[in-house]
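The values are calculated or read from the model by the stated rules, or taken from the named source; none is laboratory data. Every value quoted in this text rests on a predicted model; they were computed, and no experiment measured them. Glycine gets a Cβ as well: all are built from the backbone with ideal geometry, and neighbour counts include every protein chain shown.
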Amino acid sequence: MNKLNNQTIFSYQKAPIIIAEISGNHNGSKKKFLNLIKQACLNGADLIKIQTYEPKDITLNKNYGKFVIKKGLWKDKNLWSLYKKACTPFSWHQEAFKIAKQYKKNLFSSPFSLRGVDLLESLGCKIYKIASFEITDHKLINYIASKNKPIIISTGMATFSEIKKAIKLIEKYHSKIIILHCVSSYPTKIEDTNINRIDFLKKKFPKYLIGVSDHTNDIHSSIAATTKGIVAIEKHFKLNDNIKTTDSAFSITSKKLRDLKSITYSIFKSTKNLKSKSEEISKNLRRSIFANQNIKKNEKITKKNIETYRPYIGICASKFFSILGKKASKNLKKGDPIFARDLL
């Protein structure tokens, strides 16, 4: 269980926290970026997440070999140009935190450099996220962990050994860790979501809470993951279906964000291992044992002088055969419920 501002935020005892990831859906527009944060706050997000980097924090300005993406959604783009288009300039961050605060939401980020961490520290960031691609960047992880803030860590592409090493590094400073199952494929096909891996993570890391980072273009796999018992769902968020951005193919709109919040809450309620209060009321309509005729004191209880009726007042109907042959401890009138104290 992890707490933020003295409130329990991440817990298996409540519905999963919905995290709206803004990422590159602003398309380079500060106005759109700030509106995305506002709309996420208004449409069901519990936490808002951004990414803190500029191109120089991630790559070099080169245009050959592995610096050029060969396949997938960003085919033929070089890393520098992709990150230049998708990045959130450092100069936008202060207003981002301010808007989230206005809506009484916590905004946090994935930093991709030490200077990014320093910026977020200066703005009072309360949670950090380690992106899947950075799970092997031990220098960055060590620096983030040294700030002693809760850390959410995505595990896309990562082996068990890689996850274990990253967590061990964080544990040198603290154990406020949440692990997200993630598939680093954009967008992720529904058949590749591998939701059962949540069970593996729970088994291997029982000390830590488990959530999911979902890169599909819908909410179905997030809903399926809720039935596994998770504490958080991260989804990329966009303003509408007409917008085309670096992340729009695996992002959801306001309506789906609201649906995700509502449906996962309902699923959580239906899967809680608790007694139903409504069923407790209905138990009163079960049958109990009544005198079917007048029964005198010391008279034996037989199949003829008792019967089972609703509601449940006296001895449960399941005791019908076990009380046969017992004697009445007092006179009982026809229609009286029979209690344990009425029998010898």
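A few notes on this one:
- Leu42 vs. criteria more than 20 Å from Gly124 (Cβ to Cβ), at pLDDT 95 or above, among the hydrophobic types (A, V, I, L, M, F, W, C) and within 30 Å of the chain's Cα centre (by Cα): yes
- From the list Asn148, Asn194, the lone residue that is farther than 25 Å from Phe112 by Cα and either touching a Leu at 6+ places or on another chain (Cβ under 8 Å) or in a loop (DSSP other than H, G, I, E, B) (or both) is Asn194.
- Segment 157-191 - residue that is within 17 Å of the chain's Cα centre (by Cα) and assigned to a loop (DSSP other than H, G, I, E, B) and, of those, nearest to Ala225 (Cα to Cα): Val183
- Output for segment 197-230, where each listed residue is among the acidic types (Asp, Glu) and either in a helix (DSSP H, G or I) or not assigned by TED's automatic domain parsing to the domain that holds Ala158 (or both): Asp199
- Residue count for segment 186-210 under the criterion of being without any contact (Cβ under 8 Å) to a residue 40 or more places away in the chain and surrounded by 15 or more Cβ atoms within 10 Å (Cβ to Cβ): the result is 6.
- Looking only at segment 294-311, and only at residues there that are touching a Ser or Thr at 6+ places or on another chain (Cβ under 9 Å) and among the charged types (D, E, K, R), the one that is farthest from Gly335 (Cα to Cα): Lys297
- Taken over segment 65-122, the criterion of being in contact with a Leu (Cβ under 6 Å, 6 or more places away or on another chain) and farther than 24 Å from Asn35 by Cα is satisfied by Phe67, Trp74.
- Within segment 66-77, residues that are outside the structural domain of Ser248 (by TED's automatic domain parsing) sit with their Cβ atoms under 7 Å from residues that are surrounded by fewer than 14 Cβ atoms within 10 Å (Cβ to Cβ) and modelled with pLDDT under 90, at 6+ positions apart or across chains, in these pairs: Val68/Asp76; Ile69/Lys75; Ile69/Asp76.
- Ser213 polar (S, T, N, Q), in contact with a helix residue (DSSP H, G or I) (Cβ under 8 Å, 6 or more places away or on another chain), crowded, with 22+ Cβ neighbours inside 10 Å and within 23 Å of Gly72 (Cα to Cα): yes
- Verdict on Lys255 being within 24 Å of Ser213 (Cβ to Cβ), modelled with pLDDT of 95 or more, charged (D, E, K, R) and part of a helix (DSSP H, G or I): yes
- Among the candidates Lys238, Lys256, residue that is crowded, with 24+ Cβ neighbours inside 10 Å and of a type in the set (D, E, K, R): Lys238
- Qualifying residue in segment 125-144 (condition: part of a strand (DSSP E or B) and more than 20 Å from Leu209 (Cα to Cα)): no
- Filtered residues of segment 289-299 (kept if in contact with a strand residue (DSSP E or B) (Cβ under 6 Å, 6 or more places away or on another chain) and either outside any loop (DSSP other than H, G, I, E, B) or farther than 22 Å from Cys316 by Cβ (or both)): Ile289, Phe290, Ala291, Ile295, Lys297, Asn298
- Checking each residue in segment 52-86 for being within 35 Å of the chain's Cα centre (by Cα) and hydroxyl-bearing (Ser, Thr, Tyr) picks out Thr52, Tyr53, Thr59, Ser81, Tyr83.
- Among the residues of segment 270-290, none qualifies, meaning not one is within 20 Å of Asp46 (Cα to Cα) and not basic (Lys, Arg).
- The lone criterion from (1) among the β-branched types (Val, Ile, Thr); (2) over 30 Å from Lys49 (Cβ atoms); (3) at pLDDT 95 or above; (4) under 49 Å from the mean Cα position of the chain (by Cα) left unmet by Ile281 is number (3).
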